[in-house]
Amino acid sequence: MSGEPATGGPLRVAVLASGTGTNLQAILDGVHGSGRVEVVGVASDKEGARSLERARSAGVSTGVFAREDFPEREARDLAIAAWLEELGVELVVLAGYMQLLSDAFIRRFRNRVINVHPALLPAFPGLDAIGQALAHGVRVTGVTVHFVDEGVDTGPILLQRPVELTYTRPVAEVIEEIHRVEHELLPRAIELIAAGAVSIDERNPRLVRIEQR
Ligand code: GRF
């Protein structure tokens, strides 16, 4: 991300999603087709993923890169990268994509891949972040949108928002609130990138600058 104002057409975005795709839907409903952002492709590692149906309903191209067809992660990621480049994708959004991306893929799309994570990183990285936070007994958890680097949920943080855990609320309600926050924060992050408001500090690559407008 250069931080220069976006020029020309809308930011060309692809979403990788393994599951139900409610975050994908929030992107499709919130920012896709706004003139600033165009979702040009949705890919999954699961043939029957609900996210692919959502993409098709929105008239967006889909791709399936299943583990059965690509047992080696490197080969699978090469195929995904070729597909993304063919679509002219400028930003890759991971929205519940359950495969780790290879280092080569991350290098190829350096600072052009973001992820949404259901906790306040660096707390509770990896799988079942909501369950980890509840089991730990923290009073505040939340949502993080971050750039993806070679680690697991370790990349530079773009946006975060807290969610209080009162322990008097049913777990289902907590999960619902976290998803609601995700559905606001992820489209917002895409919007900021599309507006050219986001840059990574050259002297401290952990620091993501957001220009206030
Ligand atoms: C979200 O909770 C996201 O934070 C995590 O995977 C989940 C995907 O949910 N990375 P959905 O498929 O977007 O509904």
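The values are calculated or read from the model by the stated rules, or taken from the named source; none is laboratory data. All figures in this text were calculated on a predicted structure; none of them were measured in a lab. All Cβ positions, glycine included, derive from the backbone under ideal geometry; neighbour counts span all protein chains shown. Note: areas computed on protein heavy atoms with side chains; ligands, DNA, RNA excluded. Shrake-Rupley method; radii C 1.70, N 1.55, O 1.52, S 1.80 Å.
Which residues, counting only those in the range 39-95, are within 20 Å of Asp149 (Cα to Cα), loosely packed, with under 13 Cβ neighbours inside 10 Å and touching a residue at least 24 places away in the same chain (Cβ under 8 Å)?
Glu74, the sole residue that qualifies.
Would you confirm, using the coordinates I've provided, whether Leu134 is assigned to a strand (DSSP E or B), open to solvent by less than 60 Å² (accessible area, probe 1.4 Å) and touching a helix residue (DSSP H, G or I) at 6+ places or on another chain (Cβ under 8 Å)?
So Leu134 fails the test.
Considering each residue of the range 7-37, count those that are surrounded by fewer than 18 Cβ atoms within 10 Å (Cβ to Cβ), of a type outside the set (Ser, Thr, Tyr) and away from the ligand (no atom under 11 Å from the Cβ), and give that number.
8
Give me the pairs, please: first residue somewhere in the range 172-188 and in contact (Cβ under 8 Å) with a residue 24 or more places away in the chain, second residue anywhere and of a type in the set (Ser, Thr, Tyr), beta-carbon distance under 9 Å, and either six or more positions apart or on two chains.
Partner pairs satisfying both residue conditions: Val174/Thr141; Val174/Thr166; Ile178/Thr141; His179/Thr22; Glu182/Thr22; His183/Thr22; Leu185/Thr144.
Within the set of pairs 6 or more residues apart or between chains, which connect a residue that is of a type outside the set (A, V, I, L, M, F, W, C) inside the range 129-143 to a residue that is part of a strand (DSSP E or B) and open to solvent by less than 40 Å² (accessible area, probe 1.4 Å) with Cβ atoms less than 6 Å apart?
Correct list of pairs: Thr141/Val163; Gly142/Val163.
For the range 123-173, which positions are within 11 Å of the ligand (Cβ to nearest atom) and of a type in the set (Ser, Thr, Tyr)?
Thr144
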